[in-house]
Amino acid sequence: QVQKVVPSTAVYFSILRNPVQLMESSFVYYKGTSAFSRAHSLEEFLSQPYRYYNPTASDSHYARNLMTFDFGFNPDGEVSAKRVHLMLKAIEASFDLLLISEYFDESMVLLKETLCWDLDSVVSFPLNSRDSSTRSPLSGAIVEKIKAWNKLDWEIYTHFNRTFWERIDRDIGRERMQREVKVLRERQAELARTCLQGMGSVGPKDIKDSSLRPLQHGNAKILGYNLKQGLDKETETMCRRLVTPELQYSSALYKKQFPQKPPQQTPQ
């Protein structure tokens, strides 16, 4: 469907997250789903997953191999060497670039190089981050259970984590990458001083502008930002773009693209 409306010269890229952190986050963020709602903890869910998990449920994909599902494959498929190989080959054939969220700054430098963009095109502030009070430390035993339960995701992640660094070595080199990341972080800090009250993220109750308050979902407490007062119009527009949450940004893009049509309500 994307290929029908996008030129054949388009660059396709995606970003992967460590399945261990992804599972811990999903359990909190998607707590209302059928697989997670009755389990009191992630540990309880993983001790007997099929007590809670029904692969035929319409929302089951949130609870297992979420990245596999997002790439269009069956998250409950068998984990054979042949199937994993075919899956990785299909992803490589579809995407020009696979980024890694644990190395977000390095990923942005690689994206900038691939698309011939300038630095300010990839500077960002972290959005959709959870307050540390809703994060739970994971024991070694739980980590191994998560990897086993999300084996297809783990295969995807480990493969493309390796090719990510191979690409950096081939196209940029580690020393230059370190320099580029340093410049990126310095620019990010400079923009934080320009744009933000107090330099960092705050809890949802402390966000003064309701249009900048991110959706609060499941048991997660999603952080946001307050902009400095008294910014000139151009600076305020730039800063607002950096801190606008996903749903509000999508709505703004929709209005820009279809000024005559009311935006469709996104199902929550």
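The values are calculated or read from the model by the stated rules, or taken from the named source; none is laboratory data. In this text the structure is predicted, and so the values were computed from the model without any measurement. Note: ideal-geometry Cβ built from the backbone for every residue, glycine included; neighbour counts use all protein chains shown. Accessible surface areas use protein heavy atoms only, side chains included; no ligands, DNA or RNA. Shrake-Rupley method; radii C 1.70, N 1.55, O 1.52, S 1.80 Å.
Length gained on full extension, GLN21 to ALA90, computed as 0.36 nm times the residue gap minus the Cα-Cα distance: 22.4 nm.
Say R0 is 30 Å: what FRET efficiency, to the nearest 0.05, do THR163 and GLU78 get from their beta-carbon distance? Don't skip to the answer; put the middle values down first.
Working: r = 24 Å, r/R0 = 0.79.
Given R0 = 30 Å and the Cβ-Cβ separation, E is 0.80.
Figure legend: label point modelled 7 angstrom from the Cα of GLU43 along Cα→Cβ; residues of segment 132-165 with amide N under 16 Å from it are 135-146. From helices alone, the chain scores -15000 deg cm²/dmol at 222 nm; the rule is -39500 (n - 2.57) for each run of n ≥ 4 DSSP H residues, then divide by the residue total.
Taken over the chain, the alpha-carbon convex hull comes to 173 cubic angstrom per residue. Largest GNM mean-square fluctuation among GLN21, GLN257, GLN188, using the chain with Cα springs under 10 Å: GLN257. If R0 is taken as 35 Å, the Cβ-Cβ distance between TYR254 and ASN54 corresponds to a FRET efficiency of 0.55.
Annotation: cysteines of the chain without a disulfide-compatible partner (Cβ-Cβ under 4.7 angstrom) are CYS116. Within the accessible area of the chain, the carbon and sulfur atoms contribute 52%, probe 1.4 Å, all protein chains present.
Using the 1.4 Å probe convention, the accessible area of the chain works out to 59 Å² per residue with neighbouring protein chains retained.
What shape does segment 118-212 have by the C-alpha gyration tensor, where a ≥ b ≥ c are the square roots of the eigenvalues, rounded means a/c under 1.5, and otherwise prolate means a/b greater than b/c and oblate the rest?
Details: a/c = 2.78, a/b = 1.16, b/c = 2.40.
Since a/c reaches 1.5 but b/c is at least a/b, the shape of segment 118-212 is classed as oblate.
Which whole-number percentage describes the relative contact order of the chain, with Cα contacts under 8 Å and a sequence gap of 6 or more?
It rounds to 22 percent for the chain.
Length available on full extension from SER129 to LEU215: 0.36 nm per residue minus the Cα-Cα distance, which gives 29.8 nm.
Close amide H partners of LEU196, meaning residues 5 or more places away or on another chain with modelled amide H under 5 Å apart, are LYS228. Within the same chain, lysines fewer than 8 places from LYS205 are excluded, and of the rest, those with a Cα less than 28 Å from its Cα are LYS31, LYS221, LYS228, LYS233, LYS255.
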